[in-house]
Amino acid sequence: MTSTFCRTSLFAACSLASAIAALSVGNVHAAGFVDDAKVTLGLRNYYFNRNFLNQTQGGQGQAEGWTQSFILDARSGYTEGTVGFGLDVLGLYSVKLDGGRGTTGSQLLPVHDDGRQADDFGRTAVAAKAKISKTELKVGEWFAVLPILRADDGRSLPQTFQGAQITSNEIDGLTLYGGQFWKNSQRNDASREEMSFGGVEGDDFNFGGGEYRFNGNNTMVGVWHARLEDVYKQSYVQLTHSQPVGDWVLGANLGYVNGKEEGAAKAGDLDNKVYQGALSAKRGNNTFTVTYQKLSGDTKFMRIDGASGGTLVNDGFTNAFDAPEERSWQVRHDYNFAGLGIPGLTLMNRYTSGSNIHTGGRTDAEEWSRESELAYTIQEGTLKNLNVRWRNSNLRRDVGADLHENRLIINYPLSIL
């Protein structure tokens, strides 16, 4: 797997470099392709340890892993002319530093049929792009982040999707999106699989949406619709607002999601609605946030397998509080230590509580989590921009395993071009 990846990544990177060189020498219209190109190499060291407190998970008392990852992100600019063309390449490779057969489940690495974590894995994602005026067409594979479909970047390597997308900004303040994804490479997988929900494969994932920003960009209204053909359809409406009031900045994020079965309904009858809101207040170096999230219907929140649940206001490191009929609330505090003369150091603490869960034959199950993140980014010197994060989490619930978890994540971005 390593040698195949290395050959593919090297070929992709060399192809982009050759294209830049050839265009810069032979075509004056390629100036933007070269001049606006950016290439970075991200070094990510990730340690993960999760202890199962009240029961084992598949006979295990813990899930543990440690990896070193290399993320090459090469993005060209656009050739000059009425229609500009470009190319983006992601070269992804991760190697195991520690983690055996008895500690699988960290999702840092693929797991072989014999129960062992892979020694390494990786893949290459290439996307071509074309731009006319303020409208861009992208075709290929990339790290896509949309309110209706969010690729997950919470482990060694990011999830990527293969498809096509149009993004248009022709009208001031209005961004329109539309497209289709047909393959899914999850964060701990080197392969490309069909788009699926709950292990049920659908056909293509079609989506469209728009976001309108006004009031000096302080207010945004978003409307989205998506269909995983023959599995589910989902609509999402969002309103965000930020308002300075004296020394404070008040914020709101309100949303409504409605999901149903679609077409042949391969996953059966589906029914899910989400009502949610987050209110924040920032003053100086402190930010206080409270949230409420209510699900109704017989189905948990619908999302493509492996995708992030970041659309939900109560999605966290260990849990999304997205079970059928679940009601959850959260209190959160963020502090920036720049106020104490330590720029780059931040601390986040949050507590989330969920109740009325319909699962495991119960209709009144409860759960709660407590999560903290201490992060520091070096501000200057040779290691400028190196970021270190420690995440500590506890999850307790009536149905399922109780968890205690620690993660140590070190990211170091190197600018090559």
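The values are calculated or read from the model by the stated rules, or taken from the named source; none is laboratory data. Note that the structure is predicted; figures quoted are calculated from it, not measured. Positions of Cβ are generated from backbone atoms using ideal geometry, with glycine treated the same way; all protein chains shown enter the neighbour counts. For accessibility, only protein heavy atoms count, side chains too; no ligands or nucleic acids. Shrake-Rupley method; radii C 1.70, N 1.55, O 1.52, S 1.80 Å.
Looking at region 331-417, the strands (runs of 3 or more DSSP E) lying wholly inside it that each contain 2 or more residues that are basic (Lys, Arg) sit at 362-377, 387-397.
Could you tell me which residue of region 348-376 is surrounded by the fewest Cβ atoms within 10 Å (Cβ to Cβ), considering only residues that are closer than 29 Å to ASN387 by Cβ and touching an Asp or Glu at 6+ places or on another chain (Cβ under 7 Å)? The residue in question is MET348.
Regarding region 380-396, can at least one residue be identified that is among the charged types (D, E, K, R) and open to solvent by less than 30 Å² (accessible area, probe 1.4 Å)? No: region 380-396 contains no residue that is among the charged types (D, E, K, R) and open to solvent by less than 30 Å² (accessible area, probe 1.4 Å). Scanning region 259-266 finds no residues that are of a type in the set (Asp, Glu) and within 30 Å of PRO343 (Cα to Cα).
Residue selection: GLN68 fails the criterion of being over 14 Å from LEU157 (Cα atoms) and in contact (Cβ under 8 Å) with a residue 12 or more places away in the chain.
Return yes when GLY163 is assigned to a strand (DSSP E or B), in contact (Cβ under 8 Å) with a residue 40 or more places away in the chain, over 19 Å from TRP224 (Cα atoms) and in contact with a strand residue (DSSP E or B) (Cβ under 8 Å, 6 or more places away or on another chain) and no when it is not. Against the criterion (assigned to a strand (DSSP E or B), in contact (Cβ under 8 Å) with a residue 40 or more places away in the chain, over 19 Å from TRP224 (Cα atoms) and in contact with a strand residue (DSSP E or B) (Cβ under 8 Å, 6 or more places away or on another chain)), GLY163 does not qualify. Scanning region 279-296 for residues that are open to solvent by 20 Å² or more (accessible area, probe 1.4 Å) and under 30 Å from GLU261 (Cα atoms) turns up TYR292, LYS294, SER296.
Figure legend. Inter-residue proximity from region 201-221: first residues among the basic types (Lys, Arg), second residues not in a strand (DSSP E or B), beta-carbon distance below 9 Å, spacing 6+ or different chains. Indicated pairs: ARG213/GLY173. The residues of region 141-160 that are in a strand (DSSP E or B) and either among the basic types (Lys, Arg) or open to solvent by 50 Å² or more (accessible area, probe 1.4 Å) (or both), listed by number, are VAL145, ARG150. Scanning region 220-239 for residues that are open to solvent by less than 10 Å² (accessible area, probe 1.4 Å), of a type in the set (A, V, I, L, M, F, W, C) and assigned to a strand (DSSP E or B) yields TRP224, ALA226, LEU228. Filtering region 183-200 to residues that are part of a strand (DSSP E or B) and either small (Gly, Ala, Ser) or surrounded by fewer than 16 Cβ atoms within 10 Å (Cβ to Cβ) (or both) leaves SER185, GLU193, SER196. For region 277-309, the candidate set comprises residues that are part of a loop (DSSP other than H, G, I, E, B) and in contact with a Pro (Cβ under 8 Å, 6 or more places away or on another chain); within that set, the residue that is farthest from VAL200 (Cα to Cα) is GLY297. If you filter region 204-219 down to residues that are open to solvent by 30 Å² or more (accessible area, probe 1.4 Å) and in a strand (DSSP E or B), you find that the one that is farthest from ASN286 (Cα to Cα) is ASN206. The set of residues in region 32-64 that are touching a helix residue (DSSP H, G or I) at 6+ places or on another chain (Cβ under 7 Å) and among the small types (Gly, Ala, Ser) comprises ALA37, ALA63.
Screening GLY105 on (1) crowded, with 23+ Cβ neighbours inside 10 Å; (2) at pLDDT below 95; (3) under 27 Å from THR311 (Cα atoms) shows it passes everything except condition (1).
Only one of the numbered conditions (1) within 21 Å of the chain's Cα centre (by Cα); (2) open to solvent by less than 70 Å² (accessible area, probe 1.4 Å); (3) on the phi < 0 side of the Ramachandran plot is not met by THR299, and that is (1). Applying the condition of being open to solvent by less than 40 Å² (accessible area, probe 1.4 Å) and under 23 Å from LYS266 (Cα atoms) to region 167-182 and asking which residue is nearest to the chain's Cα centre (by Cα) yields PHE181. Looking only at residues in region 59-80 that are closer than 30 Å to ASP36 by Cβ and open to solvent by 60 Å² or more (accessible area, probe 1.4 Å), the one that is modelled with the highest pLDDT is PHE70. Could you check, for region 310-321, whether at least one of its residues is without any contact (Cβ under 8 Å) to a residue 40 or more places away in the chain, part of a loop (DSSP other than H, G, I, E, B), surrounded by fewer than 21 Cβ atoms within 10 Å (Cβ to Cβ) and over 21 Å from the mean Cα position of the chain (by Cα)? No, there is no match, as no residue in region 310-321 is without any contact (Cβ under 8 Å) to a residue 40 or more places away in the chain, part of a loop (DSSP other than H, G, I, E, B), surrounded by fewer than 21 Cβ atoms within 10 Å (Cβ to Cβ) and over 21 Å from the mean Cα position of the chain (by Cα). All of (1) touching a Lys or Arg at 6+ places or on another chain (Cβ under 9 Å); (2) under 20 Å from PHE181 (Cα atoms); (3) small (Gly, Ala, Ser); (4) in contact (Cβ under 8 Å) with a residue 60 or more places away in the chain hold for ALA125 with one exception: (1).
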